[in-house]
1. Would you confirm whether any residue within the stretch 236-243 is without any contact (Cβ under 8 Å) to a residue 40 or more places away in the chain, within 28 Å of Cys353 (Cβ to Cβ) and not β-branched (Val, Ile, Thr)?
2. Output yes when any residue across the stretch 305-318 is closer than 16 Å to Leu220 by Cβ, in contact with a Leu (Cβ under 8 Å, 6 or more places away or on another chain) and not charged (D, E, K, R), and no when none is.
3. Output the residues belonging to the stretch 21-34 that are outside any loop (DSSP other than H, G, I, E, B) and more than 10 Å from the ligand (Cβ to nearest atom).
4. When you scan the stretch 277-287, do you find a residue that is among the small types (Gly, Ala, Ser), under 30 Å from Ala162 (Cβ atoms), modelled with pLDDT of 85 or more and surrounded by 19 or more Cβ atoms within 10 Å (Cβ to Cβ), even just one?
5. Working carefully through the options Gly291, Gly336, find the one that is surrounded by fewer than 19 Cβ atoms within 10 Å (Cβ to Cβ), in contact with an Asp or Glu (Cβ under 7 Å, 6 or more places away or on another chain), more than 26 Å from Ala210 (Cβ to Cβ) and not aromatic (Phe, Trp, Tyr).
6. How about the stretch 40-56: which of its residues are more than 10 Å from the ligand (Cβ to nearest atom) and in contact with a helix residue (DSSP H, G or I) (Cβ under 6 Å, 6 or more places away or on another chain)?
7. Going residue by residue through the stretch 99-122, is there one that turns out to be surrounded by 13 or more Cβ atoms within 10 Å (Cβ to Cβ) and touching a strand residue (DSSP E or B) at 6+ places or on another chain (Cβ under 7 Å)?
Amino acid sequence: MPKQTTQLASDTLRDSRWLAVTGRDATRDGDFYYAVKTTGVYCRPSCGARTPRPENVQFFTTPDDAEQAGFRACKRCRPRQAPLTEQYAELIADLCRHIEQADTPPSLAQLAELAQLSTFHLHRIFKAITGITPKAYATAHRSSKVRQQLSSGSNVTEAMYAAGYNSNGRFYAESDQMLGMKPAAFRSGGTKMQIHFAVGECSLGAILVAASERGICAILMGDDAQMLIEDLQNRFAKADFVGGDTAFEQWVAQVVGFVDMPKLGLNLPLDISGSVFQQRVWQALREIPVGSTASYSEIARQIGQPKSARAVAQACAANPLAVAIPCHRVVRNDGGLSGYRWGIERKRALLECEAKT
Ligand SMILES: [Zn+2]
């Protein structure tokens, strides 16, 4: 029977759900269940039990299906309970509000005490639900506060205190990373921000790649190169645009290669700027594996705001980094394709290409 075992193992290894099992991916809890033939037990993807051998694994959509097939619920992960993301969504949403309203960012220990969880547990759940750590969440929120203050005319010192910084040193140390430039430059309209860009061709049509000093800040696709350039100028109204040089052409070639073959991955730094909410949505999108899709509601649940499916759709539409932030992997609840910022045909082509092998 060794041939059959090999066949069973390879069926499992080829199933995209296997990756969620080996990664104990809490964000897939509720999507499916897996049973282990040797133990007779079925689990949710995030179960902490030892990873079974692939040839012994069988996947099910509901606990009922698993039980009808003769498996019993695991006592450790209790697959009949609501998934982690649902159990804790409200709690994490409350903690997010708490972080946003605090004058100085609360420590992990303080948040854990509020939540009545261990720091380890809280950190893990927070990250599973929002896609980022509590610390990164606090930093992202502060940075958007600083941006708002500076854009609405406050001077640098006012903006610093309004965002809860008590010391110059920390503010200046962090501001470069937050704003992508010195605060004074940001306030004066970001005129010092330089964006290199070039337009190329990929299998899906014209593609524009742009980069700030920090990394790729836009990947735009369309039929018409001129429209892509106008789109870029609207998105970064205050920047200076510079045509690409030879070094930059190599980046463009890498991005084109990546768009044509997303499985290659993109090893270039990304410069992602957006609101805290957008950043959380985009981070969640980046965790959808190649070859899988998620619905707008699933993403909303995952970031702890289950009622925000519409806002999630808007954040997808505002995504400046086609394919690198894979908004094409988000579909309607019924699996329909719905809209795509860069055209529904491109979305279909990308998903078909990713589904192969
Ligand atoms: Zn289990």
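The values are calculated or read from the model by the stated rules, or taken from the named source; none is laboratory data. Predicted model, so just to flag it, every value in this text is computed and none were measured. We place every Cβ from the backbone using ideal geometry, glycine too, and count neighbours over all the protein chains shown.
1. There is no residue in the stretch 236-243 that is without any contact (Cβ under 8 Å) to a residue 40 or more places away in the chain, within 28 Å of Cys353 (Cβ to Cβ) and not β-branched (Val, Ile, Thr).
2. Within the stretch 305-318 (the criterion being closer than 16 Å to Leu220 by Cβ, in contact with a Leu (Cβ under 8 Å, 6 or more places away or on another chain) and not charged (D, E, K, R)), the answer is yes, since at least one residue qualifies.
3. Matches in the stretch 21-34: Val21, Thr22, Ala26, Thr27, Arg28, Asp29, Phe32.
4. Yes.
5. Gly291
6. Thr51, Pro54, Glu55
7. The answer is no, given that none of the residues of the stretch 99-122 is surrounded by 13 or more Cβ atoms within 10 Å (Cβ to Cβ) and touching a strand residue (DSSP E or B) at 6+ places or on another chain (Cβ under 7 Å).
Residues are listed down the side, and each one gets a yes or a no for (1) within 12 Å of the ligand (Cβ to nearest atom); (2) not in a loop (DSSP other than H, G, I, E, B); (3) not charged (D, E, K, R):
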{"site": "Thr5", "(1), (2), (3)": "no, yes, yes"}
{"site": "Trp18", "(1), (2), (3)": "no, yes, yes"}
{"site": "Thr38", "(1), (2), (3)": "no, no, yes"}
{"site": "Gln58", "(1), (2), (3)": "no, yes, yes"}
{"site": "Arg76", "(1), (2), (3)": "yes, no, no"}
{"site": "Arg80", "(1), (2), (3)": "yes, no, no"}
{"site": "His98", "(1), (2), (3)": "no, yes, yes"}
